[in-house]
Structure formats: C-alpha cells, structure tokens
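Working notes for the structure below.
The values are calculated or read from the model by the stated rules, or taken from the named source; none is laboratory data. As the structure is a computational prediction, the values presented were derived from the model and not from experiment. Reconstructed Cβ throughout: ideal geometry from the backbone, glycine too, with neighbour counts over all protein chains shown.
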C-alpha cells in the first residue's frame, strides 16, 4: 500500500461511492449533552442521566433523518492512556478527569448504541478520531464514502473527494473542498496547520509566535510542514510580518514542530473490532433495549422512537410510571 508524506496508508477512493458510512464522534455529543441538559434526569439508582438523555435525542434524530445502512459510533476510552501520551506526556494535560457521574453515562451511551444494533468503536490506546480515520480508510477501497458526524476540525484532515463532514448541531455540512474556506488550509494540511498553530483543546502549544494566519500563509507557499522546514531559509524573504523572526522560531523549534505533527495526525491503522469493509446496521437487542429504557427511566415517547429506530415490530411500550421523563 502506498504511503503519504506522513507515513500513513493512502487508501484508494472509488470513482463513484456505492454507499455512505456514517462515522459518529460520540464523545462530542455526550459532553455537549452533559453541559447543556438539565440535571433533573436520574436513573433507577439515582445517578444523573442528563448526558444519556441528550445523546439519545441526538442519536434518534440522526437515525430517523438519515436511516443509515452503515454506521459506527466512536467513543474515547483513551482519555489518559492514548499512544500520544507516551510521545508527549503533557498531551491533554489541561483536562480534568471525567467525574464518575459522567463515566457511568458514557457506559450507558455505549450500551444504548449496542442495543440498537449499532457498531461501537472504542480502544484504550486510540482516540475516537483514530478509530474514525481507520474505519474510513478501510471502507474507501470497497467503494464507500464517509460522512463524519462531528464539528471537530481535526477530523477534516480525513476528508477525501467524496467524503463529507457534518456539524449536526448547526446543520452545516462540508467536503474537502470546503475546508479551506473554514480554516484557511486544505484538508490534507490540517495536521501540519495544527502542529504550527497548536491546539489548546489538546494542550499542544504549537510553534511560538505562529498563529492561524501565518500558518495558513506558510502552508499555502510551501505546501507542507516538511517542505517548510526543508526550505526554512526562504521564510525570511516572504512578504510576511516578522518573517525573519518566524524563520528563527522554526529553526529553533523544528523538532517540536515535527513532534506536534505526530500528535495532530490522525492514525489510520487502529485495531477495529470487525472484519467487514464497513459496519452495517446490525439487529437490535429488544431485551437489552427495554432493560436500558427502564434503568434510564426513558418516557414512552423516547421508548417508542427507540423501538422504531431499531426496526422492531410495532408493539405497546414497556411499563411506565408517573413522573418519568418523556
């Protein structure tokens, strides 16, 4: 298999995609629900379930609107055990550990996906982005295009000719051609761009003194981080504010820039728990779905929507008690 400049496998894209593989960055939507949903939802043991309820609403809307035939839901289990921590111990060091109340809800969200017959991707050494990238690269040779459901700009580096990224909450979709308008660089330059500018969310400082505008100008001129570093002597002669200082910083922090690029590049060789080219919708588990609905105290409307989304036969919803949320 051919490799790109970063040493990653280049998966051939089909001329005409024969199907779409939906790849959901679940953790983004769980965290969003955790912060936005009221803390009034409780499970049968009294633990909060606001993140689960919010995630379930998002997931149901996605399934009802798109009716995907192939879909995988990626979760972050490598919060402090990812391979990137071995490379750079300060990686994501600015994040507080998830509280037990949230960790419990993540487990419920995974179980809910499994009960609906949806493939769940999670690994202790690879992040959700890596699992999404690997799943997409595996599916492309079989003729699938990817629909990445996430607002995370990191994931834009994965977009090929037919792929699409979808900021579900804002209703915005874009392909590889739309990345430059959003971030000032092409899709294949995102990892290099973040290595230069840094990424505060992941505690990656970037090269000192290089902001978004400067990074975009440099990558527009040189094409890649490798070419920029190889021709760093030319930087001082660019029409760029503080060009000489930028060149000096790049010389001084060359190894750091390459290190940061290792962190910002999505791995596309993570182990996946399935053998197919793309994960088809599986059969739902009615007993598991009903048990979760009872434990999480879903109301009758949510239960009915879950059963319909799972493709189960129409039937009366399970027993419900007064005071349970809809």
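Being at pLDDT below 95 and either assigned to a loop (DSSP other than H, G, I, E, B) or over 21 Å from residue 182 (Cβ atoms) (or both) is not true of residue 251. Figure legend. Inter-residue proximity from the range 185-204: first residues on the phi > 0 side of the Ramachandran plot, second residues part of a helix (DSSP H, G or I) and modelled with pLDDT of 95 or more, beta-carbon distance below 8 Å, spacing 6+ or different chains. Indicated pairs: 198/260. Residues of the range 109-131 that are in contact with a strand residue (DSSP E or B) (Cβ under 6 Å, 6 or more places away or on another chain) and in a helix (DSSP H, G or I): 110, 113, 114, 128, 131. Only a single criterion out of (1) in contact with a helix residue (DSSP H, G or I) (Cβ under 7 Å, 6 or more places away or on another chain); (2) not assigned by TED's automatic domain parsing to the domain that holds residue 208 is not satisfied by residue 287, namely (1). Scanning the range 285-303 for residues that are within 21 Å of residue 67 (Cα to Cα) and either buried (at least 18 other Cβ atoms within 10 Å of the Cβ) or under 28 Å from the mean Cα position of the chain (by Cα) (or both) gives 285, 289, 302, 303.
Of all the criteria given as (1) within 18 Å of residue 254 (Cα to Cα); (2) surrounded by fewer than 18 Cβ atoms within 10 Å (Cβ to Cβ), the one not satisfied by residue 210 is (2).
Do we have residue 201 as surrounded by fewer than 23 Cβ atoms within 10 Å (Cβ to Cβ) and not assigned by TED's automatic domain parsing to the domain that holds residue 88 here? The answer is yes for residue 201. Would you call residue 136 in contact with a helix residue (DSSP H, G or I) (Cβ under 7 Å, 6 or more places away or on another chain) and assigned to a helix (DSSP H, G or I)? Here the answer is yes, as residue 136 does meet what is asked. Of all residues in the range 64-108, exactly one satisfies the criterion of being assigned to a helix (DSSP H, G or I), in contact with a strand residue (DSSP E or B) (Cβ under 9 Å, 6 or more places away or on another chain) and buried (at least 21 other Cβ atoms within 10 Å of the Cβ), namely 105.
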